[in-house]
1. Restricting to the stretch 5-38, what's the tally of residues that are part of a strand (DSSP E or B) and touching a helix residue (DSSP H, G or I) at 6+ places or on another chain (Cβ under 8 Å)?
2. Restricting the stretch 48-76 to residues that are free of Cβ contacts under 8 Å to residues at least 40 places away in the same chain and touching a helix residue (DSSP H, G or I) at 6+ places or on another chain (Cβ under 7 Å), which is surrounded by the fewest Cβ atoms within 10 Å (Cβ to Cβ)?
3. Under 13 Å from the mean Cα position of the chain (by Cα), surrounded by 12 or more Cβ atoms within 10 Å (Cβ to Cβ) and at pLDDT 90 or above: does that describe residue 21?
4. Looking only at the stretch 6-27, which residues are in contact with a strand residue (DSSP E or B) (Cβ under 8 Å, 6 or more places away or on another chain) and within 21 Å of residue 40 (Cα to Cα)?
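The values are calculated or read from the model by the stated rules, or taken from the named source; none is laboratory data. Bear in mind the structure is a predicted one, so any value in this text is a computation, not a measurement. Positions of Cβ are generated from backbone atoms using ideal geometry, with glycine treated the same way; all protein chains shown enter the neighbour counts.
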């Protein structure tokens, strides 16, 4: 098991929409996260800076392969269709939009 984390900045104009979208975990997102060997996934939003910190425990053996599964799923894809997503061109990691 590995503990992993990721920091991103949320665009200020998307903060309210982000909070609404992430008020509760979506069942499909939560199922995909679990299927990719990720447990204890949490996202914290620090305001007023709009910094996102995601934390999870990875129980698999090939994080890169499981991260590709996450990004291949249109529901959980980093950079998916959610306009409230955090943007970071330099970092890629599993993203649970809504979870």
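1. The qualifying residues number 1.
2. Checked the stretch 48-76; the qualifying residue surrounded by the fewest Cβ atoms within 10 Å (Cβ to Cβ) is 60.
3. No.
4. Matches in the stretch 6-27: 6, 7, 8, 18, 19, 22.
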